[in-house]
Structures are given as structure tokens and as C-alpha cells.
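The values are calculated or read from the model by the stated rules, or taken from the named source; none is laboratory data. The structure displayed is predicted, hence computed values, not measured ones. So basically every Cβ, Gly included, is an ideal-geometry build from the backbone, and we count neighbours across all protein chains shown.
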Amino acid sequence: MTNKPVNEKKQFSPEFDFGFLVEGSTDKNFIDQFLKKFFEHQKIKYNVKRINDGEGKSSFFKDGNIESYLLKIANIQKTFTLILIVDADSELETKRGQPAGFKEVDKKLKEIIKEIKSNDFYQNVKILYYIMPFHDEQHFGQLEDLFVKSLKKDYQKKLDECLKPFQKCLRKQHPKPEIAENKMPKIQMEILLKSFDKNLSKDNLTEWIDYNHESLNNFKKFLKEEVFRIIPNKK
């Protein structure tokens, strides 16, 4: 290992114990805002970063990208929890070097974590991961699927009354199998937000979702039980 620069601590001095590493700017925006809501009555230090070298799963799984992020922190604070958040996507989107579908993404993440943890330098680093949207084998998709399913009633109504009929119309005009369901949540989310002059990467996306919606239960359970080990107050 090369000697670190003398001024490294000034350049990168994290004051948090939990780091979330996500695929892109939209993911970073949503997760950061979701955690602020999740911890609005608690003081827990965390940080959300997107993967280096561009956006998307190809950058996330590029050799050394995850460890590069981790190394900056581990050089300063050896005890740390890293949480990787990646989209499952659909098996239809499988590309060379870019796993897709829950099983393939799950397998690849386990391989990366095993390799990192084989280095004694990271023995006090805990690495967890969550595969969007619901962290299970039954659902493919991405963050946008979670967003669309947990929309507040007013926005869900607009989606049902406006965008879904539009989608059906397009399919009648251009009936192509490749216009697949796995693409629609992202398109719906983009159109819905743009119609209100909102930006996926900048605006507060959590204003649009029903925070108590059952679609969010898996992710909240993961945060409570596996990441932060929050014990409910006994009444």
C-alpha cells in the first residue's frame, strides 16, 4: 500500500459512521432525502455518495470503484459501516460485465464484499447491501419502481388517469415487445415530475411519496434492523 498524502485527512475527513454508496445522482438525491425523513427525530451521522466514474451499474461494478471509496474512509477511521444500494434492473438488461436481475446482482455483490473483506485492512469495516426496489427475488426493477408504487394518492391518480392510458395508446400505435414493463416506471416517473417542472436529481422526491406506504416497508425494515439496529421504544 502506498503512503497516503500528508494532507489527506484535510481533503477527506468524514464525520459519520455510516456511508451509503449508490449508483447515480437520482439515487443519491432520493436516499439522502429519505434518510433525513427517517431520522428526523434522531441524531445519526451518515453520508450518501454516488459511485465514481460516471453513473449506473457498470460504474458501480467496475473493478476497484467500491474499494476506492472505502479506502478514503478506512485510512482515517477503521470502524465503519458501508451500505451499498444497487438496482436489480431486469434480466432483459443483462450486459457483459454488468449483472442484472436480483440473483445476478446479489451474487456479484457477495463476490465483491468477500474480496474486500479478505484484506485485513478492512477487518473492522462492515459492508451491507440492499437491492432495489424490494430486495427479493420476486421483483425486478429499480429505484423508480419503488417511487411509482409509493406515490401519494393525488399523484397516483394522475399516473393512472393520464400516463397509463398514454402508454396503452403508444402500444396500439407501435406494438413492439421491447417496450417492456421494466422500462415504464422510469419513464412514468420522469414524465410525471417534468409535468410539474421537477427534476429527478435535484428536487425533493420524498414530497411525492406516501412515507407510510407498504411498498417502503422492506427498505425501512432493512435500515432499522440491519443497518442502524434501532430498538423500538417500549411503552
Enumeration of residues in region 196-219 that are of a type in the set (Lys, Arg), surrounded by 14 or more Cβ atoms within 10 Å (Cβ to Cβ) and within 18 Å of the chain's Cα centre (by Cα): none
Output for region 140-159, where each listed residue is under 15 Å from the mean Cα position of the chain (by Cα) and over 20 Å from SER25 (Cβ atoms): PHE140
Residue in region 50-69 that is among the hydroxyl-bearing types (Ser, Thr, Tyr) and more than 15 Å from the chain's Cα centre (by Cα) present: yes
So LEU193, is it surrounded by fewer than 19 Cβ atoms within 10 Å (Cβ to Cβ), among the aliphatic types (A, V, I, L, M) and over 24 Å from the mean Cα position of the chain (by Cα): no
Tabulated pairs, region 201-222, first in contact (Cβ under 8 Å) with a residue 40 or more places away in the chain, second in a strand (DSSP E or B) and among the aromatic types (Phe, Trp, Tyr), C-beta under 9 angstrom, 6+ apart or interchain: ASN218/TYR130; PHE219/TYR130; PHE222/TYR130
One residue from LYS57, LYS43 being buried (at least 21 other Cβ atoms within 10 Å of the Cβ), of a type in the set (Lys, Arg) and modelled with pLDDT under 90: LYS57
Subset of region 113-134 [closer than 19 Å to ASP32 by Cβ and either of a type outside the set (A, V, I, L, M) or more than 14 Å from the chain's Cα centre (by Cα) (or both)]: TYR129, TYR130, PRO133
Whichever residue in region 99-112 is more than 13 Å from ILE85 (Cα to Cα) and aliphatic (A, V, I, L, M) and, among such residues, is modelled with the highest pLDDT: ILE112
Some residue of region 51-72 being touching a Ser or Thr at 6+ places or on another chain (Cβ under 7 Å), part of a helix (DSSP H, G or I) and farther than 25 Å from GLN98 by Cα: no
Total residues in region 25-49, condition closer than 24 Å to LEU151 by Cβ and not in a loop (DSSP other than H, G, I, E, B): 15
Subset of region 60-80 (residues that are in contact (Cβ under 8 Å) with a residue 60 or more places away in the chain and surrounded by fewer than 16 Cβ atoms within 10 Å (Cβ to Cβ)): ASN75, ILE76, GLN77, THR79
